[in-house]
1. Consider the stretch 15-44. How many of its residues are of a type in the set (Gly, Ala, Ser), closer than 20 Å to Leu64 by Cα and part of a helix (DSSP H, G or I)?
2. Based on what the data block shows, is Ile156 in a helix (DSSP H, G or I), at pLDDT below 95 and buried (at least 16 other Cβ atoms within 10 Å of the Cβ)?
3. Identify the single condition in (1) touching a residue at least 24 places away in the same chain (Cβ under 8 Å); (2) farther than 21 Å from Gly119 by Cα; (3) crowded, with 19+ Cβ neighbours inside 10 Å that Pro57 does not satisfy, given that it satisfies every other one.
4. Considering only residues of the stretch 38-72 that are farther than 10 Å from Gly21 by Cα and of a type in the set (S, T, N, Q), which is modelled with the lowest pLDDT?
5. Can you name every residue in the stretch 108-165 that is of a type in the set (Gly, Ala, Ser), more than 15 Å from Thr197 (Cα to Cα) and in contact with a Gly (Cβ under 8 Å, 6 or more places away or on another chain)?
6. Enumerate the pairs (first residue in the stretch 89-114 and modelled with pLDDT under 95 and of a type in the set (A, V, I, L, M); second residue anywhere and crowded, with 17+ Cβ neighbours inside 10 Å and assigned to a helix (DSSP H, G or I)) with beta-carbon separation below 6 Å, excluding pairs fewer than 6 apart on the same chain, so at least 6 apart or on different chains.
7. On the basis of being touching a Ser or Thr at 6+ places or on another chain (Cβ under 6 Å) and outside any loop (DSSP other than H, G, I, E, B), does Ile4 make the cut?
Amino acid sequence: MSRIREAFQNGKAFIPFLTCGDPDLETTERAVRLAEKNGADLVELGIPFSDPTAEGPVIQEASLRALKSGTTTDKIFAMVRSLRKDVKIPFVFMTYANVVYSYGADRFFSLCRETEVDGLILPDLPYEEKGEFEAIAEQYDVDLISMIAPTSEDRIARIANEAKGFIYLVSSLGVTGERTKITTDIGSIVRVIRENTDIPCAVGFGISTPEAAAEMAALSDGAIVGSAIVKLFAKYKENAPEKAGELIRQMKNACVGGA
């Protein structure tokens, strides 16, 4: 069983997102360790990109801060190598296709395997075009994570049937960011997913409170939270990991309690 699959074996999973290098990589490294300590089952590590089209203002600004602080893909791999000395939970990179292209796909995926990065999410990679990365991801035993959105409609079954690792179920139209209410019929999408695969699915985009995390986890296999956590790094900077750890603990407890 893959490490990603194992993350969903102990009840509802909670997955925090962190922008690597915001405000610096030492702070990110400390935040990952505290995330694991406070109950995160898997961590999404955002590799900053200058034009993150799927992201709202909070994560866009975090990416720009990270790039200005000198964060590079090489330095992020070095951070992950350091984390793997003691952190056991799965890591999934979230970035954009151009980052992988410019780095060199073979080099990127081989380093993912070497540093034990378990999966990759590319929000700008359409399902129909995933073939150009899929073979090399399989070669290096890295799960290319599929995203399903409310607009996927008749493609949901096909995407689910070929999914690896876990399915990232996008809760709402638009970009990442906190929302006061999620109106998408998540339950009906999850039913189609479960008719076509036993791969777990977690809901992300717009979840900003423990109550919302519990609601989404109850409908799926877990919840993903990004902007609500990333905002803490904008506000508290080097002191943010402890604040983020506390929010992660609350979110994880809500997911398990609301299951």
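The values are calculated or read from the model by the stated rules, or taken from the named source; none is laboratory data. These numbers come from a predicted model, not from an experiment. Cβ sites come from the backbone with ideal geometry, for glycine too, and all protein chains shown count toward neighbours.
1. Filtering the stretch 15-44 for residues of a type in the set (Gly, Ala, Ser) gives 21, 31, 35, 39-40.
Okay, now just the ones that are also closer than 20 Å to Leu64 by Cα, so 21, 31.
Now drop any that are not part of a helix (DSSP H, G or I), which leaves 31.
Count: 1.
2. Numbers: in a helix (DSSP H, G or I): yes; at pLDDT below 95: yes; buried (at least 16 other Cβ atoms within 10 Å of the Cβ): yes.
Yes: the conditions hold for Ile156.
3. Exception for Pro57: condition (3).
4. Across the stretch 38-72, the extreme among qualifying residues is Thr53.
5. We begin by selecting, within the stretch 108-165, every residue of a type in the set (Gly, Ala, Ser); these are 110, 119, 131, 135, 137, 146, 149, 152, 157, 160, 163, 165.
Next, from what is left, pick out any that are more than 15 Å from Thr197 (Cα to Cα): 110, 119, 131, 135, 137, 149, 152.
Gly119, the sole residue that qualifies.
6. none
7. Details: touching a Ser or Thr at 6+ places or on another chain (Cβ under 6 Å): no; outside any loop (DSSP other than H, G, I, E, B): yes.
In short, no.
This table checks each residue for (1) under 16 Å from Gln250 (Cα atoms); (2) surrounded by 17 or more Cβ atoms within 10 Å (Cβ to Cβ).
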site: Ile4; (1), (2): no, yes
site: Ala7; (1), (2): no, yes
site: Gly11; (1), (2): yes, no
site: Ile15; (1), (2): yes, yes
site: Cys20; (1), (2): no, yes
site: Thr27; (1), (2): no, yes
site: Glu36; (1), (2): yes, yes
site: Gly39; (1), (2): yes, yes
